[in-house]
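Only one structure is covered here, and it is reproduced in the block below.
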Amino acid sequence: MSRIDTTVFTEGEIAYLSAQRLGRLATITPDGGPQVNPVSCYYNPVTNTIDIGGHNMASSRKYHNVRERPRAAVVVDDMPDGMDSIRCLEIRGTAEAVDTPSDSAARASGAIIRIYPRRVISWGIDPPHRSRGARSIP
């Protein structure tokens, strides 16, 4: 799966993603319910995707969820100055279970989950007003 589109993320969103390493990944379980896990996540500038790494990824439930139902979302957020300064990116998209990535930003030595963004929701990230914004990615 390959789709490089330099318009997926704003410069502010890329800077934010590059500074954050912890996110929450939502995948779809066999019974159709959500599974949410804390994960390490990285913006991959080569593929313009979000790469999710982790210990024993290939044997994890989330990896198998993505292999069987290739949709996922990841949320990366923080509160640098308390409740009045919440920053967040929610990235929804097509997910791919990649056994041996050759171009991973996840700094993982093994399997990763790669998310190809289809919907990006952000708030508190881009100036001037740092308001909430949402957009679909073709």
| task | Just need the relative contact order of the chain here, percent rounded to a whole number, with Cα pairs under 8 Å and 6+ apart. | result | 23 percent
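Order of ILE14, ILE115 from fewest to most other C-beta atoms within 10 Å? Before the final figure, lay out each step's value.
Numbers: ILE14 15, ILE115 25.
By the 10 Å Cβ count, ascending, the order reads ILE14, ILE115.
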| remark: Final fewest-first order of GLU11, GLU90 on the 10 Å Cβ neighbour count is GLU11, GLU90
| task | Sort 26-32, 78-84 for me by packing, meaning the mean count of neighbouring Cβ atoms within 10 Å per residue, highest on top. | result | 26-32, 78-84
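Between TRP123 and ASP31, what is the FRET efficiency for a Förster distance of 30 Å, r being their Cβ-Cβ separation, to the nearest 0.05? Walk me through the numbers before you get to the answer.
On the way: r = 32 Å, r/R0 = 1.05.
Once the sixth-power term is evaluated, E becomes 0.40.
Under the Kirkwood approximation applied to all pairs of distinct alpha-carbon atoms, what is the hydrodynamic radius of the chain in Å? Display every interim value, and only then the final one.
Working: mean 1/r = 0.0663 Å⁻¹.
So the Kirkwood estimate lands at 15.1 Å.
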| remark: Here, ARG69 and GLU11, labelled 7 Å along Cα→Cβ, have an inter-label distance in nm of 4.0 nm
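Laboratory data are not the source of any read-out in this text; all were calculated from the coordinates shown. Because the structure is predicted, anything quoted here is derived from the model rather than measured. Note: ideal-geometry Cβ built from the backbone for every residue, glycine included; neighbour counts use all protein chains shown.
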